[in-house]
Amino acid sequence: MKRVQILLSAMLIALASACNFTEEIHINEDGSGKLSINFDGSEMMEMAGEEMAKTNEKPIDSIISFKTFLEEKKDSIAQLPKEEQEKLKKLEPFNMRMVMNPEKKEMMFDLFSEFKNVSEVNDAFGAFQDASSIGGKSNPQQGPMKPAEQPTEVNYTFNKNKFTRTAKIVDQELFEQQLDSLQGAEMFLSGSTYTLKYHFPKKIKSTTAEEATFSQDGKTLIYEVNFMELMKNPSVLDLEVELEK
């Protein structure tokens with residue numbers, strides 16, 4: 001469990017340092033599938049890897065089951081208000097793979113889950129942020145862990161050959177506070193990206209994402225935006241995809 005806490009704390013530092021994300025969804029004919037939120041911290045490790053290598057930390061390649069993690073923390077979680085318990089409950093379907101190798105300058109976090117309907121994993125990026133926030137608060141001496149408050153949420157739907165991704169601000173004051181906190185890092189984050197990579201069971205007929213690109217077979221959509229642009233305007237990745245019948 002100590003290693004889990006170290007890994008999650010490292011992810012929290014990574015989130016505050018560099019942000020190249022890929023949100024990947026595979027949807028099957030029956031609407032089931034899998035979702036992954038992948039963070040690539042190789043650029044940060046390129047800058048900090050030599051210093052981290054001096055610590056002689058052994059390379060890590062580990063998978064965390066949040067179902068198991070939350071079960072082990074159930075006594076601490078039971079002390080939280082019901083609303084916060086429900087937020088943590090949303091992490092239960094997810095697993096997290098974490099790779100850290102200072103010598104090879106590798107850092108990767110991948111939050112993933114299978115679903116029967118894509119709406120089951122709504123706001124997966126929020127779950128990713130929550131996963132990082134509890135890592136720094138898992139010490140029993142610090143009291144019960146709490147998920148971070150998120151000012152936005154993302155919802156997915158897939159029905160009758162039509163897929164949608166929509167984001168909304170749920171706490172305007174907190175959203176503005178988040179923007180203020182990012183101002184000091186804006187220059188550093190200016191080259192960071194957030195990429196959607198969606199795989200569908202049929203060829204894509206149309207999409208509202210005008211700048212998206214497609215795979216050769218027409219079944220995969222790729223859409224990349226600047227990370228800071230996304231932080232300032234969560235709806236920049238709102239889209240609708242219609243598949244051929």
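The values are calculated or read from the model by the stated rules, or taken from the named source; none is laboratory data. This is a predicted model, so every value here is computed, not measured. All Cβ positions, glycine included, derive from the backbone under ideal geometry; neighbour counts span all protein chains shown. Surface areas here come from the heavy atoms of the whole protein model, side chains and all, with no ligands, DNA or RNA. Shrake-Rupley method; radii C 1.70, N 1.55, O 1.52, S 1.80 Å.
Annotations for the structure displayed:
- Residue match in segment 76-96 (condition: in a strand (DSSP E or B) and closer than 20 Å to ALA124 by Cβ): yes
- Residue match in segment 219-226 (condition: surrounded by fewer than 12 Cβ atoms within 10 Å (Cβ to Cβ), of a type in the set (Asp, Glu) and either closer than 15 Å to THR22 by Cα or without any contact (Cβ under 8 Å) to a residue 24 or more places away in the chain (or both)): no
- Check on SER215, surrounded by 12 or more Cβ atoms within 10 Å (Cβ to Cβ) and of a type in the set (Ser, Thr, Tyr): yes
- Residue match in segment 7-26 (condition: farther than 21 Å from GLU106 by Cα, at pLDDT 90 or above and open to solvent by 30 Å² or more (accessible area, probe 1.4 Å)): yes
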